[in-house]
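Working notes for the structure below.
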Amino acid sequence: MRLGVLDVGSNTVHLLVVDAHPGAHPIPMASEKSVLRLMRYLEDDGSISEVGVEAIIHAISEAAKVARKSGIDELLAFATSAIREAPNGQDVLKRAEEAADIELDVLTGPDEARLTFLAVRRWYGWSAGRMLLFDIGGGSLEIAHGADEVPDVAHSVPLGAGRSTVEFLPDDPPTDAQVAKLRAHARGVLEETVREIGGIPEADHVVGSSKTIRSLARLAGSTEEGVGSEERSILKLSQLDDWLPRLARIPADARPNLPGITADRTFQIVAGGIVLSETMRAFKAKVLEVSPWALREGLILRRLDRMD
C-alpha cells in the first residue's frame, strides 16, 4: 500500500509518502516540508497566535494536496508537542482538519517516545540489545529505554530545541550568560527526570534520532563502517562539547555554511546541542549512534503491524 505520514511538528510540517507492505522496508516516494518554527508564534499564555494558526493551516493544506496527488491509500496525520500543549490547540486542529479535509491525531509525549523506539529497534535489530534512545524535537525531548520493541521507559520532557531557543537564547548569536542559563536549566530538568525514571540497567546501545541530532553528528561526529553499504554515524560527547562553544559564537545566518546545518535548523541548533550534551551527561552516555529512522517510520511500522 502507499502510505502518507503527515508530521505536524514544532519546527516543520513534513509529509512523507512511502510504498510499504508487512515485512518489507518502506520505500520513500515523495516528501513535502514547510518550515514553521512554531515557537515564534506562541503568545505569553502558550496559545498559538492567529498568524501562527494561518501558517499551520496553509502548510497542512499544501501537504494534503501533495498526498492526494501521490495516490496514497491512507494518510497517517499527527501533531506533537506545540499543538498538544497550546491552550487553543484543539481549536487549531479543528480548523486545520476542516481546511485540509483530513483527520489529525495528537500524540502524547510517551507515545512519541514509544513509536520512535519501535522504529529504532527495527532499524538496529535485536542484536543491539538493551537500547537507550534520545530524540530531540522542536518542543520536547523524548527518552526511551528497553530490551524489546516496547520500551520499559518512555518519557517526555519540555526540552525541545525550538522551545529552549525561544525561552533561553533570544540573542543571535546567544551570549555566554544565556548559554550557561540554558545549560543549568537543562541539567536541573534532566536530574529530576533521572530521579523520576529511577535506576535503569546499563544500555548495550545508545541511540540518537531526529533531524537535530543528525545535524549535530554531521557537524561534530564521525562515520564508521556499518552493515552492508550503510555507514554508521557516531557522535561522542567530547566531540559535541568541543564544537558547541564555537557554534554558539556563529550567527544563525552563517551556520548553514557548516557541515550538516540546514536552514530549517540553524536557529535552534545551538539549543539542541546544549540539550543533547546535558542529556548524554545525565545518562552517562559518552557516545551515541545516530538512527536514520525516527517517529514517522515508527508510525508506518505500527500501521503495517496492525495490517499484518
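The values are calculated or read from the model by the stated rules, or taken from the named source; none is laboratory data. What you see is a predicted model; the values in this text were computed from it and never measured. As a convention, Cβ positions derive from the backbone with ideal geometry for all residues, glycine included, and neighbour counts pool all protein chains shown. Surface areas here come from the heavy atoms of the whole protein model, side chains and all, with no ligands, DNA or RNA. Shrake-Rupley method; radii C 1.70, N 1.55, O 1.52, S 1.80 Å.
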>> Anything in the range 11-52 that is closer than 28 Å to Glu85 by Cβ and more than 21 Å from the chain's Cα centre (by Cα)? List them, or say none.
In response: Glu43, Asp44, Asp45, Ser47, Ser49, Glu50, Val51
> If you check Ile261 against the conditions, is it surrounded by fewer than 23 Cβ atoms within 10 Å (Cβ to Cβ), more than 15 Å from Val207 (Cα to Cα) and out of contact with any Ser or Thr (no Cβ under 9 Å at 6 or more places or on another chain)?
Replying inline: no
> Is the range 286-301 home to any residue that is out of contact with any Lys or Arg (no Cβ under 8 Å at 6 or more places or on another chain) and open to solvent by 40 Å² or more (accessible area, probe 1.4 Å)?
Replying inline: yes
> Here is a list of conditions, (1) outside any helix (DSSP H, G or I); (2) open to solvent by less than 30 Å² (accessible area, probe 1.4 Å), and Ala271 meets all of them except one; can you say which number that is?
Replying inline: (1)
> If Ala77 satisfies every condition in (1) under 21 Å from the mean Cα position of the chain (by Cα); (2) assigned to a helix (DSSP H, G or I) but one, which is the exception?
Replying inline: (2)
> Assuming Glu149 fulfils every condition listed in (1) more than 20 Å from Trp293 (Cα to Cα); (2) in a loop (DSSP other than H, G, I, E, B); (3) open to solvent by 40 Å² or more (accessible area, probe 1.4 Å) apart from one, which condition is it?
Replying inline: (1)
>> Going residue by residue through the range 109-132, is there one that turns out to be closer than 15 Å to Met280 by Cα, modelled with pLDDT of 95 or more and not in a helix (DSSP H, G or I)?
In response: yes
>> For a quick check of your reading of the model, give me the residue pairs whose first member lies in the range 179-192 and is under 15 Å from His155 (Cβ atoms) and crowded, with 17+ Cβ neighbours inside 10 Å, whose second is acidic (Asp, Glu) and modelled with pLDDT of 95 or more, with beta-carbon atoms closer than 7 Å and at least 6 apart or on different chains.
In response: Ala186/Glu278; Leu190/Glu278
> Does Arg95 satisfy the condition of being modelled with pLDDT of 95 or more, open to solvent by 50 Å² or more (accessible area, probe 1.4 Å) and over 20 Å from Pro292 (Cα atoms)?
Replying inline: yes
> List, please: which pairs have Cβ atoms under 8 Å, are six or more places apart or on different chains, and start with a residue in the range 259-288 that is among the β-branched types (Val, Ile, Thr) and end with one that is crowded, with 24+ Cβ neighbours inside 10 Å and in a loop (DSSP other than H, G, I, E, B)?
Replying inline: Val275/Leu159; Val275/Gly160; Thr279/Leu159
>> Can you find a residue that is under 26 Å from Glu167 (Cα atoms), hydroxyl-bearing (Ser, Thr, Tyr) and either in a helix (DSSP H, G or I) or at pLDDT 95 or above (or both) anywhere in the range 285-300?
In response: no
> When you look at Gly23, is it at positive phi, in contact with a Pro (Cβ under 9 Å, 6 or more places away or on another chain) and surrounded by fewer than 20 Cβ atoms within 10 Å (Cβ to Cβ), yes or no?
Replying inline: no
> Val51: in a helix (DSSP H, G or I), in contact with an Asp or Glu (Cβ under 7 Å, 6 or more places away or on another chain), open to solvent by 30 Å² or more (accessible area, probe 1.4 Å) and free of Cβ contacts under 8 Å to residues at least 60 places away in the same chain, yes or no?
Replying inline: no
> Within the range 154-172, which residues are open to solvent by 20 Å² or more (accessible area, probe 1.4 Å) and β-branched (Val, Ile, Thr)?
Replying inline: Thr165, Val166
>> Every residue in the range 240-258 that is assigned to a helix (DSSP H, G or I) and either open to solvent by 50 Å² or more (accessible area, probe 1.4 Å) or touching an Asp or Glu at 6+ places or on another chain (Cβ under 9 Å) (or both), please.
In response: Asp242, Trp243, Pro245, Arg246, Ala248, Ala252, Asp253, Pro256, Asn257
